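The values are calculated or read from the model by the stated rules, or taken from the named source; none is laboratory data. None of the values given here were measured: they were computed from a predicted structure. Positions of Cβ are generated from backbone atoms using ideal geometry, with glycine treated the same way; all protein chains shown enter the neighbour counts. Accessible surface is based on the protein model in full, side chains and every heavy atom, while ligands, DNA and RNA are left aside. Shrake-Rupley method; radii C 1.70, N 1.55, O 1.52, S 1.80 Å.
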Amino acid sequence: MAITTMTKPASLPLDLAKRYGIWILAAAVMIVLPKIFTSGAALTTMCLMGIMIVFSLSYNMLLGQTGMLSFGHAVYYGLGGFLAVHAMNTIAADRLPIPLPLLPLAGGAMGLLFGIIFGAVSTRRAGTVFAMISLGLGELIASLSLILRGFFGGEEGITANRTKMLTLFGVRFGPQIEVYYLIAAWCFVCIIAMFAFTRTPLGRMCNAVRENPERAEFVGYSTQMVRFIAFCIAGFFAGIAGGLAAINFELMNAVNISGAQSGVVLLMAYIGGVGHFFGPIMGAVLVTLLQVMLSDITGAWMLYFGLIFIMMVMFAPGGMAGLIMLHLPLWQRGTLLRVLPHYAVMAVPCAMGLAGLVLLIEAAHHQLVKAASDGPAMKLAGFAFASNAAPPWIVAAALLGAGLWLGRRWAPRLTAAFAEAAR
Amino acid sequence: MTALALDDLHKSFGATPIIRGVSLEVAKGERHAIIGPNGAGKSTLFHLISGRFPLSSGRISLNGEDITGLKPYEINRRGLSRSFQVTNIFPRLAVFENLRCAVLWQMGYRYSFWHNIRKATDANDRAEAVLQQIGLAERAMMPAGLLTYAEQRALEIGITIAGGAEVVMLDEPTAGMSRSETAHFVALIRKVTEGRTLIMVEHDMGVVFDLADRISVLVYGQIIACDTPVKIRSNKAVQEAYLGQALETEH
Ligand SMILES: Nc1ncnc2c1ncn2[C@@H]1O[C@H](COP(=O)(O)OP(=O)(O)O)[C@@H](O)[C@H]1O
Ligand SMILES: [Mg+2]
């Protein structure tokens, strides 16, 4: 078995490309993206994605790697962000020679500090107790954020001006594109650092503690200490994400440190897939994209989020990464093409069901929220109809019902085809 | 030199006494077997020694050092490693990873997040060597939970011995194995515990009489006899309490 003894590389460039290819590709994508999506809205969204990638990866150090379910991870993100905002103001006021690009480190230090303080309390226990303590601490800090107005700024939050800081090589970080590259650079470094963490002795023991904490204690490891260190490091990276958010928005308020924010990061990690390193990256990208797009299109966007989450938990607990990894063996065996036609057929009932569901939700949303003020007339996908008339509801129910029925009928064939291809 | 000394150990679960005054000294390099009927408290005794359960009273010392009341990981770091009667591995980690996790602390990597594990050559080599020893080289990359029962038992022992502990405790290592697997395992145990202290619970009398230097007979929470295999075989009290039935069921 050649596990430790790697086969000698054929040539150095090839070896480098194989080892670092994925990172070079990631860097290239990050550099090129704003050249492709040039609109202001796209740029804002991509900045948010970068921040959320760091945040959700830090969360997955707890959930996916160490098996700790936290309901209060926004505490470290938020505290990091608030400290960064204050730091920005102080640095600008006192004309300190600290350039803006270093600011996320201040956020990270804050996240680390509170990771140490709260981690010492909460990581004594694992499982449900840990989850409950994290929830309690999260609520505590969230409510404090409305009381301690000096630090948190109450409802309005604290603002700052990033351009008031020392310029570095003439870059003022006024335009969003400059902020994008700052975020992208930090995001890149943080992804590599967090990935490297998974390849260290402690990173591996985190997995061991997740798998079987008892046995970990019998091979010399204090599970409490493993959880504690992982928690501190996760707090550090969450703080960096918060610092990036502070730079990006030039504003931090109670929402950033709330339980809702903790919920969003859980959602991202879970939808992306906690079982693989790249899962939370995909989750952060998708959820951010949906957040931005759906909230533009529909007032019921939170509902859609809830539905996506429930569907994921029920049908794909491995998240998007899990789905991809499920198909990887088929791809390697070259049998993936054989299942694709079945997926194509399945897409029909899925589309029908989805259309029915959307119609149902939108009609209900219109009828319940908007009809009283705007009247029953509404439009959806180019069709005009009245939300209080029977036809749209009948169509919706029919689409949904037919989609479900057809889907269930086709499902066994799909499963059989998949099993056949995977054999 | 005494490797492990137990001094009047007691353990009760609620009001029920399970271990009722066990004293025992095991010398360095000795192979010591603990036998006794089901429910006698053999596994409980292992749990007490390895720190899984707290004692009700008594004192345990390892290499002359008091380890009473220490946590399992503290006891492990002092050189005592144990296996479990019910397989206790890292099911979703690869077999190789299971073994590597078992050597990291003893190799001095502790809580390091500044070493690249691929470059931790000593840990990798040690894990690889144990992998070969327990005959699972072909399964190195498979999740441990997918191994067959016998393979999981092998891994259980591999994890226990991988760290290179001075004192190795095995709780029914060959339980549920076929004759040939058992023979293979006894040879393996003999080999890997060469020069170390071994304490094992075992039901297979063939294995016990073959492997052990001394045997303790635990019945209802007390050691009723502790002697060489030959003398244990001819001990009246032992035959009445346990060995009679055990030898009969063997045939
Ligand atoms: N955690 C526990 N709580 C209560 N009783 C226990 C516990 N563990 C073991 N026992 C009891 O202690 C007795 C001895 O068990 P055990 O040590 O497993 O026996 P052996 O390994 O010799 O077969 C049994 O009667 C068992 O029911
Ligand atoms: Mg037992």
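Structural remarks
- Legend: distances between Cα atoms for A:35/A:164; B:191/B:236; B:191/B:231; B:28/B:119; B:71/B:231; pairs beyond 29 Å are B:191/B:236; B:28/B:119; B:71/B:231.
- Per-residue mean of C-beta atoms belonging to partner chains within 10 Å, peptide B:91-99: 3
- DSSP beta bridge pairing in the protein assembly as shown, given as percent antiparallel to the nearest 5: 65
- Segment B:99-147 and segment A:148-176 have their alpha-carbon centroids 48 Å apart.
- Estimated buried accessible area (total), pair A and B, 1.4 Å, Å² to nearest 100: 3200
- Accessible-area rank, largest first, for B:156, A:211, B:65: B:65, A:211, B:156, with all protein chains present and a 1.4 angstrom probe.
- The charge dipole of chain A, taken about its Cα centre with unit charges on the Cβ of Lys, Arg, Asp and Glu (plus for the first two, minus for the last two), comes to roughly 1020 debye.
- Only Cα sites of chain A enter the Debye sum here, all with the same form factor; the resulting log10 I(q)/I(0) across q = 0.08, 0.09, 0.10 1/Å is -0.55, -0.69, -0.84, listed in q order.
- Percent carbon-and-sulfur accessible area, the protein assembly as shown, ignoring ligands, DNA and RNA, probe 1.4 Å: 65
- Counting only protein heavy atoms and a 1.4 Å probe, chain B has 42 square angstrom of accessible area per residue.
- Surface accessible to a 1.4 Å probe, per residue, for the residues of chain A, Å²: 48
- Within 10 Å of each Cβ in B:109-120, the average number of Cβ atoms from other chains: 6
- Whole-Å distance, taken between Cα centres, linking segment A:353-423 and segment A:72-114: 46
- Straight-line cross-link partners of residue B:11 among the aspartates and glutamates, defined as a Cα under 19 Å from its Cα and at least 8 positions apart when in the same chain: B:25, B:66, B:171.
- Cα-based shape type of segment A:21-107, given that a ≥ b ≥ c are square roots of the gyration tensor eigenvalues and the cut on a/c is 1.5: oblate
- Computed extension gain for residue A:117 through residue A:214, at 0.36 nm per residue and net of the alpha carbon distance, reaches 32.4 nm.
- Shielded by partner chains, segment A:217-264 residues - at least 10 Å² of accessible area, 1.4 Å probe, vs chain alone: A:217, A:218, A:219, A:220, A:221, A:222, A:225, A:229, A:233
- The residue list A:213, A:116, A:158 was ranked by how far each Cα lies along the charge dipole of segment A:16-284 toward its positive end, using unit charges on Cβ atoms, and A:213 comes out on top.
- Listed residues A:85, A:279, A:70: farthest to the positive end of the dipole of chain A (Cβ charges): A:279
- Heavy atoms of residue A:405 accessible to a 1.4 Å probe, total area in Å² rounded to 10: 150
- Partner shielding of A:203-215 amounts to 6, given as the average count of beta-carbon atoms from other chains within 10 Å of each residue beta-carbon.
- Computed with a 1.4 Å probe over protein heavy atoms only, the accessible area of residue A:380 comes to about 40 Å².
- Oblate is the label for segment B:70-159, because a/c, from the alpha-carbon gyration tensor with a ≥ b ≥ c as root eigenvalues, is 1.5 or above and a/b does not exceed b/c.
- Max mean-square fluctuation residue, GNM over chain A, Cα-Cα springs under 10 Å, options A:112, A:328, A:166: A:328
- Dipole of the protein assembly as shown, positive end: most advanced residue of B:34, B:237, B:165 [Cβ charges, Cα centre]: B:165
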